[in-house]
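Enquirer: Here it is, the structure in full.
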C-alpha cells in the first residue's frame, strides 16, 4: 500500500496499477521481436556465427557498463518530478526509434545475395543497432523497475501489481509473437518486408504507455535521500547484501533461460516440430507444441498459489526445477530418437511425444519469472534499506542485472554456434537451395543442434539456478518481520523529510 503524509495506508488506485502495468507492454512487444534477432541475422541475413559471437562480445561490454552508469545517474538526479520519471519521458521516443533500427539493415547485404562482401558492414549494423537500442532500453527499464518497489510496501499489493504487469507483458508478448513466427519461421523477401512494417507499428504503439505512467505514477519524495550515494558505495552495498547477490544470480539465470527459449523458438518450430515447408509428410506435428503452450497458462494459478500460501522464494524455486526437469526430458527425447536422418529429408523425431511431455513440464514453471521477478527485486531493495537506512532502487536496477546482461550475450552467441556445429548454416549464394539456411550435415544433426540450444542449455541454466536458490535468505517469515521494521523506518523518514 502507498502511505500518505499522515502515515496512513492508502491503496493504489486502479489507474495507477494499470498505468504502471502498461509499461510492460513495450517489454512484451519488443522481447518477442528481439528474441528473433538470431533467426533474422543468422537465419535470414546470413551473418556468420563467428561474427555474431564477436558482435555479442563487443555488445556485452557496453551492455554491462551502461546499467550501473545510468542507475547511478538516475539515483543522483534531483528534480520536481523525482529521480526516474524525467529520464523515462525524455527517452521514450528514442527507445522506439532504436528498436526500429535493429531490423532495418540494407537487404542487399544478405549473405545469400552478396556472399562475404558485406559481412563486416552487416556486423557493424548488428552491433551499433544493439548499442543504440540497449542504451534506451536500459534507461527506460531501470526507471520502470525502480518505480515499483516504492509504489507500495504491502506484499499482497506488490504481488497483485506485478501480477497485473505480468499479464500486460504476456499479452504484449503473445500478441506480437505471432508476427515473428509467421514471417520469420520460413522467411521470404516479401515476408521480411511485412515483418519490418510490423516492427515500425509496434514501435509507435509502444511510446504511449510511458506518458501514461509519467502522468499518474508519482515518486515518493520522502524516500529520496538529500544526498546521493557515491557510485562505488552504491555498488558495494549491492555486493554486500546477501539477498542482492542471490538476486544477481537469479536474474542471470532467468535471462539466460528466457532468451534461449525465445531465440530458439523459431528454429524449434521448424526443425523439431516440422513447421511449414519442412513438413513433407503431410502430418500435422504442431499439436505436440500447442499442448505444452497450454500448460504455460495452467502453471500461472499454480505458481500464484505457491507464492500466496508459501513464499516468493518457494514459487521461484518451483519455477526453476520444472524448467530444468522439463528441458532435460525434451533434450533426452530428441537425442534418443531412432529415426534422425543424416540426409536432406526431414523426419519427425520418433520420441516427439516425450519432447511434448518435457516441454509441458518446462512451461508449467515458465511464467513464474514474469509473476515474481519484480516482487523478489523489491524485497531485496527493502532488505538493503533495513541494513543501510536508504533506498537505492535505481542502483539495484542498474547493478543487480549485470550477470543477466552477460548471460544475454552468452546465449545469443551460443545458439548460432550450436547450429553451426551441427551443420545448420546460412545458404551460400551459389547454392541451388532456396531456403536461407540448410542442414549441411543432415536434418537429424540439425534437429540435435536446435535441441541443444533450446532444450539442453535452458535446462542446465535452470538446474544451476535451482540449486543456488536454496540459499536465498528471504523466506516468508523473514519478509513478514522485515515489513514491520520498514513501516517504523518510513514513519520516521516522513517526520524528518516532509
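The values are calculated or read from the model by the stated rules, or taken from the named source; none is laboratory data. Since this is a predicted model, take the numbers as computed values, not measurements. As a convention, Cβ positions derive from the backbone with ideal geometry for all residues, glycine included, and neighbour counts pool all protein chains shown.
Enquirer: Only one of these is in a loop (DSSP other than H, G, I, E, B), over 19 Å from residue 457 (Cβ atoms) and within 28 Å of the chain's Cα centre (by Cα): 391, 377. Name it.
Expert: 391
Enquirer: Then there is this: Pick from 171, 161: which is surrounded by fewer than 17 Cβ atoms within 10 Å (Cβ to Cβ), under 19 Å from the mean Cα position of the chain (by Cα) and assigned to a helix (DSSP H, G or I)?
Expert: 171
Enquirer: Right, something else. So for segment 244-259 (the condition being within 23 Å of residue 436 (Cα to Cα) and assigned to a helix (DSSP H, G or I)), does at least one residue qualify?
Expert: yes
Enquirer: Moving on to the next point. Right, residue 15: under 25 Å from residue 162 (Cβ atoms) and modelled with pLDDT of 90 or more or not?
Expert: yes
Enquirer: Out of the helices (runs of 4 or more DSSP H) lying entirely within segment 48-139, which hold 3 or more residues that are touching a helix residue (DSSP H, G or I) at 6+ places or on another chain (Cβ under 7 Å), within 25 Å of residue 423 (Cα to Cα) and modelled with pLDDT of 90 or more?
Expert: Fully inside segment 48-139 and qualifying: 49-76.
Enquirer: Just to be sure, is residue 18 part of a helix (DSSP H, G or I), more than 17 Å from residue 98 (Cα to Cα) and within 23 Å of the chain's Cα centre (by Cα)?
Expert: yes
Enquirer: Still on this structure, I have one more. Restricting attention to segment 439-466, which residues are outside any helix (DSSP H, G or I) and at negative phi?
Expert: The answer is 439, 440, 441.
Enquirer: Taking only segment 293-322 into account, find how many residues are more than 19 Å from the chain's Cα centre (by Cα) and within 16 Å of residue 359 (Cβ to Cβ).
Expert: Adding up the residues that qualify gives 3.
Enquirer: Residues being surrounded by fewer than 20 Cβ atoms within 10 Å (Cβ to Cβ) and out of contact with any helix residue (DSSP H, G or I) (no Cβ under 7 Å at 6 or more places or on another chain): count how many of those fall in segment 321-342.
Expert: The total comes to 4.
Enquirer: Okay, next question. Identify the single condition in (1) at pLDDT 85 or above; (2) under 22 Å from residue 462 (Cα atoms); (3) surrounded by fewer than 23 Cβ atoms within 10 Å (Cβ to Cβ) that residue 402 does not satisfy, given that it satisfies every other one.
Expert: Result: residue 402 passes all but (1).
Enquirer: Residues of segment 438-476 being buried (at least 24 other Cβ atoms within 10 Å of the Cβ) and touching a strand residue (DSSP E or B) at 6+ places or on another chain (Cβ under 8 Å), which ones?
Expert: Listed by number, the residues that qualify are 439, 446, 449, 450.
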